[in-house]
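These notes are about the structure you will find just below.
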Amino acid sequence: MFDFAIVGGGIVGLSTGMALTKRFPNAKIVMIEKEKDWAQHQTGHNSGVIHSGIYYKPGSFKARFAREGNEAMVRFCQEHGIKYEMCGKVIVATEPEELPLMDNLYKRGLENELNVSKISVEELKEIEPHVRGLGAIRVSSCGIADYVGVARTFARIIQEGGGELRLGTEVQRIDERADGVTITTNNGTFQSRYLINCAGLHSDRVAKMSGKDPGMKIVPFRGEYYELVPEKKHLVKHLIYPVPNPDFPFLGVHFTRMINGDVHAGPNAVLSFKREGYTKSDFDLKDLAEVLTYPGFWKMAMPNMKEGMKEIVRSFSKQAFLASLQRLIPELTEKDIVPTHAGVRAQALKPDGNMVDDFAIFPGEKSMHVCNAPSPAATASIKIGESIVENLPAAIVDAQNKTTISV
């Protein structure tokens, strides 16, 4: 019998396991992950950005956890020798109509207690000489990190604390009862007093296995990237973002310095035909049917059809993708960018068509379910894990405290 079973070996699940290990050092913990290594999906396919939280509604979990998580992530990387760099970020207005939107974003940054500043065209040219813009916001607290390295370090801390790590173990059934949870997998059955669902792209399905309707569905959106050829890496000094379109739920293509020295450009945002569909040819009939028969998808898609078609065009046309990038760096040419990796964002969608715009975590009787944790979840992962542990039911905490005292 385990005290805690965590389903999902991405950065949020592993952070939660680490937080449990520290809070309840005598607890029996098991990490259950269906892949053969940690951080194989959202964590391992993201851009590696340490976000500031500037975009998020003041007072939201995303805003608070991004700000606090940013500081916690930097400290963790320093303490454990993990590669990171606080290179800073500029959010650039390229058209006159974007200037008032930029001002609104600047005010939001101040409301979120961030170190942000508005800079002029001349100041932008000094720090990013190849970028064209009418003005920009500079965010000094943004950076990049090796999140796969972070996740693996979380796993090592769990194991050193006595936790069991079960890779290649896929959940097939969950029976949640008043006295605990039985988890049936392809590698045996696990009994646990409490279950924490951090299954990312499959979190809604795991919740339903345990008998809980999350009231939302995961819709996978693929984000495709290009990479600057080595001779053109010098064109990007910071993280470079456009002012986001307020009528579209994604940030738009941008330039990201990677921890290995590469510079990636993207992503777009297109519906993936498979929950783990990283290429255009990836297809799963069940996954796609779930999306296309979900009323919430069509309620979201129809108002965004125009922008959605632009994203699809960018997916199939290098020239169209390049044109988006040239809004920020006009001198780029087609030969300066080459295709590179793609990621899939697990975005929770409500039946009314609204995207869940904050982290969504809700309890079952003997379980807790993280059913919306897209970006900036990697940045916020340490704080998300701590928050999950802080919000465990009193009966579970009391039982663990008694165990600790008796030992």
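Restricting region 105-149 to residues that are acidic (D, E) and more than 25 Å from the chain's Cα centre (by Cα) leaves a set whose member that is surrounded by the fewest Cβ atoms within 10 Å (Cβ to Cβ) is E122. Counted as qualifying within region 214-303 are the strands (runs of 3 or more DSSP E) with 1 or more residues that are under 16 Å from the mean Cα position of the chain (by Cα) and more than 25 Å from H369 (Cβ to Cβ), namely 217-228, 254-257, 263-266. Pairing residues of region 93-104 that are open to solvent by less than 70 Å² (accessible area, probe 1.4 Å) with residues that are at pLDDT below 95, at Cβ distances under 7 Å and at least 6 apart in sequence or on separate chains, gives L101/P246. For beta carbons closer than 8 Å, sequence separation of 6+ or different chains, a first residue in region 132-161 that is at positive phi and a second that is among the aliphatic types (A, V, I, L, M) and open to solvent by less than 30 Å² (accessible area, probe 1.4 Å), the qualifying pairs are G135/V92; G135/A93; G135/M102; G135/I119; G135/L124. For region 54-67, the candidate set comprises residues that are over 14 Å from A373 (Cα atoms) and in contact with a helix residue (DSSP H, G or I) (Cβ under 7 Å, 6 or more places away or on another chain); within that set, the residue that is most open to solvent (accessible area, probe 1.4 Å) is K57.
Pairs meeting the criteria (first residue in region 39-59 and touching a residue at least 60 places away in the same chain (Cβ under 8 Å) and closer than 15 Å to G69 by Cβ, second residue open to solvent by 30 Å² or more (accessible area, probe 1.4 Å) and hydrophobic (A, V, I, L, M, F, W, C), beta carbons under 7 Å, at least 6 apart or on different chains) are T43/V148; G48/M258; G48/I259.
Taken over region 327-340, the residue count meeting the criterion of being farther than 12 Å from Y241 by Cα and either of a type outside the set (V, I, T) or free of Cβ contacts under 8 Å to residues at least 12 places away in the same chain (or both) is 8. Please determine, by comparing only the residues of region 304-317 that are within 21 Å of Y241 (Cβ to Cβ) and charged (D, E, K, R), which one is nearest to the chain's Cα centre (by Cα). The residue in question is E311. Scanning region 28-45 for residues that are open to solvent by 10 Å² or more (accessible area, probe 1.4 Å) and touching a strand residue (DSSP E or B) at 6+ places or on another chain (Cβ under 9 Å) yields K28, E33, K34, W38, H41, Q42, G44, H45. When residues in region 162-192 are screened for being assigned to a loop (DSSP other than H, G, I, E, B), open to solvent by 50 Å² or more (accessible area, probe 1.4 Å) and at negative phi, 6 of them pass.
Within region 374-386, the set of residues being open to solvent by 20 Å² or more (accessible area, probe 1.4 Å), at pLDDT 95 or above and either in contact with a Lys or Arg (Cβ under 7 Å, 6 or more places away or on another chain) or not acidic (D, E) (or both) comprises K383 only.
Listed by position, the helices (runs of 4 or more DSSP H) contained in region 1-108 that have at least 1 residues being farther than 30 Å from T189 by Cβ are 42-45, 61-80. State yes or no: is L288 free of Cβ contacts under 8 Å to residues at least 24 places away in the same chain and open to solvent by less than 40 Å² (accessible area, probe 1.4 Å)? Yes, satisfied.
Within region 228-257, take every residue that is modelled with pLDDT of 95 or more and open to solvent by 40 Å² or more (accessible area, probe 1.4 Å) and give me the one that is farthest from N46 (Cα to Cα). Looking at the filtered set, the residue picked out is E231.
Kindly indicate whether any position in region 301-311 is within 27 Å of V206 (Cβ to Cβ) and surrounded by fewer than 17 Cβ atoms within 10 Å (Cβ to Cβ). Looking through region 301-311, at least one residue is within 27 Å of V206 (Cβ to Cβ) and surrounded by fewer than 17 Cβ atoms within 10 Å (Cβ to Cβ).
The values are calculated or read from the model by the stated rules, or taken from the named source; none is laboratory data. Computed from a predicted model, the values in this text were never measured in an experiment. Note that each Cβ is placed from the backbone with ideal geometry, even for glycine, and that neighbours are counted across all protein chains shown. What goes into the accessible areas is simple: the full protein's heavy atoms, side chains included, and nothing from ligands, DNA or RNA. Shrake-Rupley method; radii C 1.70, N 1.55, O 1.52, S 1.80 Å.
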